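Taking it in order: structure first as C-alpha cells, then the write-up.
The values are calculated or read from the model by the stated rules, or taken from the named source; none is laboratory data. If you're wondering where the values come from, they're calculated on a predicted model, not measured in any experiment. Heads up, the Cβs are rebuilt from the backbone with ideal geometry, glycines too, and the neighbour counts pull from every protein chain shown.
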Amino acid sequence: MSDEADMSPVILTSVVPKITDLPVYLMSKTSQINQEKSRFSDAASSATRKPPAMWTKAEEGAFLDFLLLAIPSSGDGGFKMPAFNQASANLKFKFPHQRGAGKSGLVCKTKWQVVCFY
C-alpha cells in the first residue's frame with residue numbers, strides 16, 4: 001500500500017458567526033466590541049443578560065448634538081439624569097428601529113461617560 005493514500009488533506013468545517021444586518025463600518029467601536037463579546041458569550045449567561053445597545057454613527061451623532069443643545073440647562077455640575085432621559089426620548093423618536101437593547105436614560109449616561117473618557 002502507498003502512504004500517499006493516507007496523507008489526503010483534511011478539510012475542517014468551522015462555525016461561522018451570523019453576520020449582522022448592519023455593516024460594521026456604521027457601528028461605533030464600542031458597539032463593535034460589545035457585539036463581539038455578545039457573539040461569543042456563553043449560552044447560559046446570555047439567557048439572563050439583555051443584549052447590549054448597538055450604537056450607529058448616526059445615533060451617536062444625534063445623541064451628541066442633543067447634548068450640545070442641552071449644555072445651557074446643565075448648570076455647572078454637568079448633565080443630570082433628566083437630560084439623559086430626554087436624549088433617550090429624542091433617540092427613540094429619531095430612530096424608531098434601534099438595534100440591541102433600547103437606549104434608556106441610563107444607557108445614554110453610560111455612553112456619555114465612555115465618550116468623555118476617550
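Scan the range 50-71 residue by residue and report those that are surrounded by 12 or more Cβ atoms within 10 Å (Cβ to Cβ) and either of a type in the set (Lys, Arg) or in a strand (DSSP E or B) (or both). Ala53, Thr56, Lys57 - these are the residues of the range 50-71 that are surrounded by 12 or more Cβ atoms within 10 Å (Cβ to Cβ) and either of a type in the set (Lys, Arg) or in a strand (DSSP E or B) (or both). All of (1) out of contact with any helix residue (DSSP H, G or I) (no Cβ under 6 Å at 6 or more places or on another chain); (2) under 14 Å from Trp112 (Cα atoms); (3) among the hydrophobic types (A, V, I, L, M, F, W, C) hold for Ala89 with one exception: (2).
Being among the hydroxyl-bearing types (Ser, Thr, Tyr) and modelled with pLDDT of 70 or more is the requirement here; does Ser104 meet it?
Numbers: among the hydroxyl-bearing types (Ser, Thr, Tyr): yes; modelled with pLDDT of 70 or more: yes.
Spelling it out, Ser104 is indeed among the hydroxyl-bearing types (Ser, Thr, Tyr) and modelled with pLDDT of 70 or more.
Restricting Phe84, Phe79 to those that are without any contact (Cβ under 8 Å) to a residue 40 or more places away in the chain and either more than 15 Å from Trp112 (Cβ to Cβ) or in contact with a Lys or Arg (Cβ under 6 Å, 6 or more places away or on another chain) (or both) reduces the list to Phe84. When Phe84, Phe79, Phe117 are screened for being over 15 Å from Asn34 (Cα atoms), hydrophobic (A, V, I, L, M, F, W, C), touching a helix residue (DSSP H, G or I) at 6+ places or on another chain (Cβ under 7 Å) and at pLDDT below 90, only Phe79 passes. One residue is enough: does the range 87-98 have a residue meeting the conditions more than 22 Å from Asn34 (Cβ to Cβ), of a type in the set (Phe, Trp, Tyr) and surrounded by fewer than 18 Cβ atoms within 10 Å (Cβ to Cβ)? Yes, that holds for at least one residue.
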